[in-house]
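The values are calculated or read from the model by the stated rules, or taken from the named source; none is laboratory data. Bear in mind the structure is a predicted one, so any value in this text is a computation, not a measurement. With ideal geometry, Cβ positions are generated from the backbone for all residues, glycine too; neighbour counts draw on all protein chains shown.
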Amino acid sequence: MTTPPDCRLYLLTPPVLEDLAAFGHTLAQALDAGDVAALQVRLKGASDEVIAAAVDVIMPIAHSRDVAVILNDRPDLAAALGCDGVHVGQDDPPCREARRIMGKDAMIGVTCHDSRHLAMEAAEAGADYVAFGAFFPTTTKEAPTRAEPDLLTIWQESMEIPCVAIGGITVDTAEGLAAAGADFLAVSAGIWAHPEGPAVAVRELNAAIARGVAARAAASAGQ
């Protein structure tokens, strides 16, 4: 019997960073509060200069805590800025092009909405992870699709490439997605808009993830 994999937290930046110094302080507190695997810099519509300034502040904070820095949408800019990887959507440069630009050691993630077909294509193209969602209503960005938790379960049972759950994830919904089979939970507003602050959110999300992973392990043991 195989042991169910762990599930880890994957942070996404707020959509706008008006005060980089203040965000850097908040980010450090959040990353010190619990396990975080990666941080995606997602500043849609921002200029290259704004994104570069954000990465310049964020990367040392993240790397000093062994947190990977992933840039959204732009493999060219991710490579130029020295990011650890890039996350591309269906309307961005394809996975193979992102790999060519960023090299064999970069982390490449692909948005696959609610489609196992898109996810299998991404896996065949060499993606390091696939992202499914949105699982819940989200105000961070417009979500064209709604995914169901059993998609994570099916993927986990049939494929080896990790899957990320995204879309409206909060402390209240994290446990169920971890139990369903997510390898990572991508969270934005659930962190930064938490009423008690991002550090508390990270602690509570890690606790919820741990409960979900335990439930998944118990279910696996009972099969």
Tally of residues being farther than 12 Å from Phe136 by Cα and in contact (Cβ under 8 Å) with a residue 40 or more places away in the chain across segment 163-180:
5
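Out of the residues in segment 179-206 that are aliphatic (A, V, I, L, M) and over 13 Å from the mean Cα position of the chain (by Cα), state the one that is surrounded by the fewest Cβ atoms within 10 Å (Cβ to Cβ).
So the residue we want is Ala193.
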What pairs can you find where one residue is in segment 200-223 and without any contact (Cβ under 8 Å) to a residue 60 or more places away in the chain, the other is of a type in the set (Lys, Arg) and assigned to a helix (DSSP H, G or I), and their Cβ atoms are less than 8 Å apart, with a gap of 6+ or different chains?
none
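With Ala186, Ala180 as the choices, which residue is over 14 Å from Tyr10 (Cα atoms) and modelled with pLDDT of 95 or more? Give the derivation first.
On the way: Ala186 fails: over 14 Å from Tyr10 (Cα atoms).
None of the others qualify; the one that does is Ala180.
Which ranges mark the helices (runs of 4 or more DSSP H) fully within segment 124-213 that have 3 or more residues being over 22 Å from Val16 (Cβ atoms) and in contact with a helix residue (DSSP H, G or I) (Cβ under 9 Å, 6 or more places away or on another chain)? Break it down into steps so the answer makes sense when it comes.
Values: elements: 149-158, 171-180, 189-192.
Those helices (runs of 4 or more DSSP H) span 149-158, 171-180.
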